Amino acid sequence: MTDPIGPSTSTIPNPSPTTLLHPRREPFEHGLLPMQKLIFTDPLQALTSLKQKLVSSSIQRVDSAALADALQISLDHARLVLDTLASVLHSESDPLVTSRFDDVDSVGADLLDLILFLYIQSYKRLLPRLHKDAAAVADVWPSTSAFDGYLSALSPLQLVRCNTRRFLPSQVDEEAHQLSYLQKHLANILSLLSEPVEGEGEESLVISMEGFEHLGFLIQFEDKGSDGDFLSQAAPIFANSDPDMPAVPVPASQVLGWLLQNIASSLEHVTEKNPAKENGPPSGSDQDVVKASPSVRSPCFIEGVSKSSYVKQASDLKNSSLKVINCHDSVIYILAPLRYATIYGCSDATIVLGAVGKAVRVEHCERVHVIIAAKRVCIAKCRECVFFLGVNHRPLIVGDNHKLQVAPYNTYYSRLEEHMTEVGIEATINRWDDTLELGMIDPHNSLSHPAGVSDAQAESATRLDPDHFTKFLIPNWLEGESTGSTKDNPFPLTDPCLTSQQKNVNALSPTDEEEV
């Protein structure tokens with residue numbers, strides 16, 4: 001086993017005072033899989049052995065078969081790992097990201113990216129803060145059934161009463177938590193990215209510029225997007241390298257010392273922020289709150305929309321990530337291309353997501369109709385929801401769900417195909433009914449779990465009865481003066497759904513006699 005490196009006493013020049021280090025949110029928000037075999041008691045030891053095994057096999061890019069054999073998991077689960085890794089990678093030019101759906105296995109994952117992905121499976125998410133008035137919550141959701149257990153966080157009805165944003169961890173809380181995680185585990189992470197050389201003590205491990213760039217999977221610098229920027233360009237460690245010559249590897253201990261120093265400074269900066277300022281003033285009643293993000297790293301929020309219709313188009317969204325939180329009794333249209341989207345704590349609503357190129361997560365929703373065109377979708381801890389899906393990868397269902405239904409995508413707007421092309425969604429591939437269920441328990445939540453439940457499989461979704469399938473019409477006026485080439489739903493429908501849709505259209509159309 002490789003010993004964790006200690007920080008070096010050698011000095012490395014600091015970056016400018018305005019340069020701050022941040023965790024990349026995407027791996028922590030969309031890259032965690034509730035699979036016990038991916039969570040190691042000693043990740044450094046387990047992943048060092050895995051790395052050595054794959055390197056000895058001369059594997060630099062890992063396909064599903066090699067991963068399934070190395071981790072002793074099924075081929076379906078190994079493919080899920082590769083697909084999920086592709087959705088949260090920092091490099092848009094990586095072959096795993098640019099490959100077509102059918103080519104993922106022939107391309108495989110970069111070994112070091114895969115190692116980092118597997119390492120963070122030990123991460124524990126922050127939990128919602130407890131409500132101060134437990135009785136107020138109880139009188140909204142008074143009974144505890146066997147289905148509820150005591151594992152689920154607040155139900156959507158509880159969220160209405162207690163105001164989600166007051167009790168969900170803020171973006172500042174989550175960033176501090178992720179920085180603290182990186183601070184604690186950075187020595188192990190650098191050990192996995194390093195290579196041994198002849199020497200003693202802290203000089204026996206070195207990290208190359210290429211190895212250092214892989215840290216871009218987990219960290220980035222102030223206001224530098226996660227795409228296209230080389231991490232080494234923002235750090236002084238390799239700054240003086242001759243661009244025409246391979247960079248000389250640096251002792252891993254020096255890299256660790258520099259990064260720990262910057263993480264400590266960033267943590268200090270984060271904790272000085274005022275969460276109330278970032279999240280907007282708390283309110284005891286529902287209200288529409290739409291928050292534009294202060295930097296390219298943060299998502300836009302649509303929250304607190306109640307009893308109304310709401311629309312956002314591409315020109316309205318300055319960021320490529322979106323969170324729809326705590327919306328109720330409403331119809332919400334997001335007619336725009338996005339990279340990531342999260343829908344959390346919504347109830348009795350219809351939510352349309354135009355085109356999401358990386359991943360969508362829908363969590364803690366109740367009686368919501370969600371219409372999604374996306375590469376990937378993960379559904380967690382939802383009840384009595386219907387999902388109309390146009391998805392290129394198998395929908396993932398995890399956690400404590402109840403009475404979910406799935407159906408093909410059922411709408412369009414004029415720029416839909418343009419937005420799908422922009423984010424790389426293929427209309428010819430729709431795996432809406434090929435769901436993949438994982439465990440009931442989320443090991444990434446810091447809760448005590450009842451014995452014997454950890455291996456239970458999540459409840460699967462059923463197909464919507466084709467007789468209940470209808471086309472969802474988006475009013476033309478919502479798009480304003482925007483025009484595009486899409487004239488109908490670009491995703492193919494099953495014959496029963498086509499028949500049902502046509503029958504419903506005919507039922508709404510006047511007969512010849514009525515027209516006369």
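The values are calculated or read from the model by the stated rules, or taken from the named source; none is laboratory data. All values derive from a computational prediction rather than experimental measurement. Cβ placement follows ideal geometry from the backbone for every residue including glycine, while neighbour counts extend to all protein chains displayed. Just the protein is used for accessible areas: all its heavy atoms, side chains included, with ligands, DNA and RNA removed. Shrake-Rupley method; radii C 1.70, N 1.55, O 1.52, S 1.80 Å.
Go through the stretch 458-470 and give me each residue that's in contact with a Ser or Thr (Cβ under 7 Å, 6 or more places away or on another chain), surrounded by fewer than 17 Cβ atoms within 10 Å (Cβ to Cβ) and assigned to a loop (DSSP other than H, G, I, E, B).
So in the stretch 458-470, the residues in contact with a Ser or Thr (Cβ under 7 Å, 6 or more places away or on another chain) come out as 460-461, 466-467, 469.
Checking which are surrounded by fewer than 17 Cβ atoms within 10 Å (Cβ to Cβ) leaves us with 460, 467.
Across the stretch 458-470, the qualifying residue is only 460.
Kindly evaluate residue 397 against the criterion of being open to solvent by less than 10 Å² (accessible area, probe 1.4 Å), out of contact with any helix residue (DSSP H, G or I) (no Cβ under 9 Å at 6 or more places or on another chain) and farther than 12 Å from residue 343 by Cα. Walk me through it before giving the result.
Values: open to solvent by less than 10 Å² (accessible area, probe 1.4 Å): yes; out of contact with any helix residue (DSSP H, G or I) (no Cβ under 9 Å at 6 or more places or on another chain): yes; farther than 12 Å from residue 343 by Cα: yes.
Spelling it out, residue 397 is indeed open to solvent by less than 10 Å² (accessible area, probe 1.4 Å), out of contact with any helix residue (DSSP H, G or I) (no Cβ under 9 Å at 6 or more places or on another chain) and farther than 12 Å from residue 343 by Cα.
Here's the yes/no breakdown for (1) part of a strand (DSSP E or B); (2) open to solvent by 10 Å² or more (accessible area, probe 1.4 Å); (3) without any contact (Cβ under 8 Å) to a residue 40 or more places away in the chain; (4) among the basic types (Lys, Arg):
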site	(1), (2), (3), (4)
310	yes, yes, yes, no
322	yes, no, yes, no
334	yes, no, yes, no
338	yes, no, no, no
342	yes, yes, no, no
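Yes or no, residue by residue, for (1) among the basic types (Lys, Arg); (2) under 23 Å from the mean Cα position of the chain (by Cα); (3) under 20 Å from residue 100 (Cα atoms); (4) surrounded by 16 or more Cβ atoms within 10 Å (Cβ to Cβ):
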{"site": "29", "(1), (2), (3), (4)": "no, yes, no, yes"}
{"site": "44", "(1), (2), (3), (4)": "no, no, no, yes"}
{"site": "56", "(1), (2), (3), (4)": "no, no, no, no"}
{"site": "67", "(1), (2), (3), (4)": "no, yes, yes, yes"}
{"site": "74", "(1), (2), (3), (4)": "no, yes, no, no"}
{"site": "84", "(1), (2), (3), (4)": "no, yes, yes, yes"}
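Do the conditions hold for residue 424, that is, is it at positive phi and at pLDDT below 90?
No, not satisfied.
If you check residue 370 against the conditions, is it within 18 Å of residue 332 (Cα to Cα), in contact with a Ser or Thr (Cβ under 9 Å, 6 or more places away or on another chain), open to solvent by less than 10 Å² (accessible area, probe 1.4 Å) and not in a loop (DSSP other than H, G, I, E, B)?
yes
Could you please give the count of residues in the stretch 346-363 that are open to solvent by less than 10 Å² (accessible area, probe 1.4 Å) and not in a strand (DSSP E or B)?
So the count comes out to 2.
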